[in-house]
Every structure is written in C-alpha cells, then in structure tokens.
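Okay, so here's the structure we're looking at.
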Amino acid sequence: MDEFGMGSKNLYSKYGPARNPFRPDDTVGTENYDYSPGGSSGGSGAAVAAGMCRVALGSDTGGSVRLPGAWCGIVGYKPTYGRISRYGLVPYGSSLDTVGIMARTVEDVHSTFKAICIPDHRDMTCMSESLRKRINDMAKSRPWVNKLYEVSPGQSLKIKQPLKGMRIGIPRECWVEELSEPALESWKAGARRLADLGCEIVAVSLPHLPYSLPTYYTIALAEASSNLARYDGIRYGWRSSEKPDDLHNCNASNKYANTRSEGFGIEVQRRILLGTYVLSAQTCEQYYIPSQKIRRLIQQDFDSVFALPNALHAESASAKSRLLTRRPAGVDALLFPTSTNTARLLESKGKNQAAGYVNDVMTVPANLAGIPAISVPAGEKNGMPLGLQLSAQYGDDELLLQIASHLQQ
Ligand code: GLN
C-alpha cells in the first residue's frame with residue numbers, strides 16, 4: 001500500500017509498487033508495461049484479482065478500496081463511517097478513515113461485512129448497538145424496500161425484476177470533463193441494467209459535489225499532519241541515529257527534523273507540510289474552516305436526494321412519517337463511475353503531483369459525507385477493467401449490497 005494510505009497509484013509504497021495483474025491487450029508480448037493496481041490499497045486489490053486470496057481488507061479514506069477495486073476488476077466496498085471498528089488501523093484522516101473490503105463477488109464482500117460489522121469499544125467512533133438498531137429499523141420501515149429483504153440474495157437473483165420499486169439517482173455533477181468515453185459507456189450500460197431489473201432511473205443534482213476534491217485534500221491533509229505528529233522517534237516510529245556534527249546542531253528540534261525527514265517518504269512529507277500550513281493561524285480561516293463548511297453542504301446535498309432520512313439527524317417521529325410516503329424525488333441509491341478511466345501506467349513519480357489527485361474525484365464525496373459506497377466491475381476497455389459505483393444513505397449498507405449484487409454481471 002501507499003505509505004500511510006496516501007496515494008492513488010501505489011507509487012508511494014516503501015517497498016515499491018504492487019503491479020496490476022491486468023495489462024492492455026495491445027501490450028501483450030511487449031516488455032515493461034506495468035500498470036498501477038490503484039491505491040492506496042493496491043496490494044490488496046492486486047492480490048484478490050490475481051487469485052492469491054479470496055478477500056482482502058483495505059483502508060478507504062478517500063477511495064483507496066474502491067479505486068483499486070475498479071482498476072483490478074474486483075469489488076471494493078467502503079462501509080458507512082463507524083460501521084467497522086478501526087482498532088489497529090493506523091490513522092490518516094480520522095474523520096474520513098474506514099476499513100473496506102475487497103473480493104471478487106459482492107456475496108464474499110457481504111459475508112465478510114456481516115462478520116466484522118460489530119460494535120467495538122476500543123474505537124470510540126465505532127457505532128453503538130443502539131445506533132445500529134435505529135438505522136436498521138429505519139431502513140426496514142420502507143415499504144418498497146421491505147420486499148427485497150424478504151428473499152435471500154441468492155433467491156432474488158432469480159426473480160425477473162427484483163429491484164422493482166427502487167429509485168436510482170444519476171448525479172449530474174459526476175459528468176466531469178475528465179470522464180473518458182469508456183467510463184461514460186459503462187455508466188450508461190449500468191443504468192440500463194438497473195432499469196431492466198425494475199429500477200426507476202432519475203437525474204439528481206448534488207450542487208456542491210464539484211468542491212469535493214479541494215475540500216477533501218484540505219481536511220485529509222490537516223488531519224494527517226496532526227495524526228502523524230506522534231511519529232517523532234520518541235512516541236512512535238523511526239529515530240535518526242545521525243550524530244550532530246557540531247555543538248550548535250545538538251538540539252532537540254534538529255533531532256526531530258532528522259528523524260522525520262529520514263523516516264517519512266516524499267509524498268507523506270509533502271502532505272504533512274500542506275496540512276500544517278492549512279491549520280496555521282494565518283491560513284486556518286482561509287482554507288480549513290471554509291472546507292469544513294463545504295463538507296457540511298456536501299453532506300446536506302446527499303441528504304436532500306436520498307429517500308431515507310439520515311439517521312444521525314432525523315427525529316424518529318417525523319422520519320417515520322416521511323418513510324411511509326416516499327419523499328417526492330427521493331432515491332434509494334446513486335450510480336456513477338468509480339474512476340474517470342482505466343488503470344494508469346506505473347510511471348515514475350512525476351513533477352505535477354496535484355494532477356494525480358484527480359483520480360479521486362469520484363470517490364472522495366462518500367468519505368466526506370460518511371455514507372457507504374461500493375465499486376463493482378463494469379466492463380472493460382482494451383482488456384483493462386472499469387468499475388461502477390453505487391452509494392446510499394448513511395447506514396443503508398444492506399440495501400447498497402443488495403443492489404450491488406444485482407449490478408455485478
Ligand atoms: N488517494 C486518496 C489520498 O491519497 C485516498 C487515500 C485513501 O483512501 N487512503 O488521500
């Protein structure tokens with residue numbers, strides 16, 4: 001994986017990058033064509049895709065399970081924030097971090113999820129039993145969804161229109177300039193498939209979505225700079241053995257500087273610097289505070305399109321009455337591409353790193369909103385896999401997995 005989960009191409013692993021088991025058809029028989037498995041959990045993605053294991057865990061702070069899922073032609077699932085304990089996971093951006101699951105089928109993801117989706121007092125952000133119960137009660141009180149739970153996923157696969165009554169939203173803002181033709185085609189094919197299965201497909205708008213990427217890269221880096229402060233050679237991590245060459249250098253701050261310069265890779269150093277900058281007194285009001293406000297607006301955009309009210313904010317009585325009569329344009333899930341293109345070449349670290357951050361444009365919104373999202377394999381271009389993403393309301397993981405099991409081919 002990329003060091004501390006920071007990356008989208010697996011280029012920043014301390015041990016060198018993992019390689020994608022796929023390569024474009026037209027490069028077969030030629031030398032030196034190594035494609036990225038995606039990042040940051042690229043090793044997990046490559047291992048599952050190559051058949052080395054049936055299921056792998058990854059960490060998803062901004063898409064690190066879903067992007068490798070798409071680029072390696074497997075399923076990558078990021079649950080609702082707080083569903084799976086993060087005890088033992090090294091923190092990157094604590095308000096965004098989730099443990100995700102990768103496998104070749106949605107069914108394998110689902111059974112793994114059921115086994116590890118339990119409360120854990122060792123992670124204080126892990127959902128309590130009572131919140132889990134409230135979410136489940138809310139989710140199951142939708143008359144049009146109830147049907148789906150009455151049959152097992154295996155059985156429902158045999159029903160002609162198993163998703164009848166379900167409404168799927170297509171977010172207009174995901175139609176970004178960078179979207180490649182194959183990704184657009186796979187998106188259209190996915191929508192057609194869900195329509196055939198009985199879903200009603202509607203266009204929706206999430207007006208603040210275009211601000212997701214800069215918002216994510218401000219908040220994630222700020223949290224990273226604070227989380228990684230503990231790697232100072234005293235509390236955790238590498239400690240420099242370099243001897244100060246003269247007495248003037250023999251102070252604590254030089255020792256810290258050497259320790260952190262030697263111990264962190266180049267991308268991690270860059271992010272600590274940027275994160276510390278956006279949190280500094282002079283710039284906090286300019287970058288960090290506005291990003292927090294935009295994050296709230298993005299969360300509200302999602303709440304405004306889903307039929308299911310957000311269990312974190314909904315008053316139970318009014319939420320219940322809203323559930324019985326569907327909100328006018330409410331959708332049960334959203335469908336959009338996981339990435340703008342197929343896997344990229346594993347070239348050496350380029351100069352313009354910000355350009356690499358664009359790979360995350362489709363995946364970071366779900367982390368900002370804390371909602372579940374899953375990437376399923378959806379076609380290919382020149383032998384390279386593409387992924388489609390489904391996302392649902394906070395806590396609606398079971399429905400999301402049900403719909404995803406039908407979307408997978
Ligand atoms: N590529 C994103 C980043 O570098 C997401 C990483 C992740 O989800 N761990 O921040």
Checklist outcome for this item: Pseudo-spin-label distance Val358 to Glu380, built 7 Å along Cα→Cβ, given in nm, is 2.6 nm
Checklist outcome for this item: Among GluC sites (Glu not before Pro) in segment 335-409, those in a DSSP loop whose Cβ has at most 10 other Cβ atoms within 10 Å are Glu347
Checklist entry - Between Gln292 and Asn251, how many nm apart are label points set 7 Å from Cα along the C-beta direction? => result 3.2 nm
Checklist entry - Hey, which of these cross-link pairs are over 29 Å Cα-Cα: Lys293/Lys381; Lys9/Lys188; Lys140/Lys160; Lys9/Lys133? => result Lys293/Lys381; Lys9/Lys133
Checklist entry - What residue among Ser141, Ser391, Ser40 shows peak mean-square fluctuation when the chain is described by a Gaussian network model with Cα springs under 10 Å? => result Ser141
Checklist entry - Roughly how many nanometres apart are two label points built 7 Å out from the Cα toward the Cβ at Gln161 and Tyr33? => result 4.4 nm
Item to check | Residue-averaged [θ]222 nm for the chain, counting only DSSP H segments that reach four residues, each worth -39500 (n - 2.57) | outcome: -11000 deg cm²/dmol
Checklist entry - Anyone know which of Gly379, Gly76, Gly45 comes out most mobile in the 10 Å Cα GNM of the chain? => result Gly379
Next on the checklist: With the alpha-carbon atoms as the only input, what is the per residue convex hull volume for the chain in Å³?
Outcome noted: 155 Å³
Item to check | FRET E, pair Ser128, Tyr236, Förster distance 22 Å, beta-carbon r, rounded to 0.05 | outcome: 0.15
Checklist outcome for this item: Sorted by chain and then number, the residues having a modelled amide H within less than 5 Å of the amide H of Val331, at least 5 places away or on another chain, are Phe306, Ala307
Checklist entry - What size of dipole, in debye to the nearest 20, comes out for the chain about its Cα centre when the only charges are +1 on Lys and Arg C-beta atoms and -1 on Asp and Glu C-beta atoms? => result 1000 debye
Checklist outcome for this item: Within the set Thr105, Thr27, Thr342, GNM on the chain using Cα springs under 10 Å gives the largest fluctuation to Thr27
Checklist entry - Where does the charge balance sit around Tyr288 when Lys and Arg score +1, Asp and Glu -1, over other residues with C-beta under 13 Å from its C-beta? => result 0
Next on the checklist: To check you understand DSSP bridge types, tell me what percent of the beta bridges within the chain (both residues inside) are antiparallel, rounded to 5.
Outcome noted: 75 percent
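Throughout, read-outs are computed from the coordinates displayed, never taken from laboratory work. A quick note: this is a predicted structure, and the numbers were derived from the prediction, not measured. Counting neighbours? That spans all protein chains shown, and the Cβs are built from the backbone with ideal geometry, glycine included.
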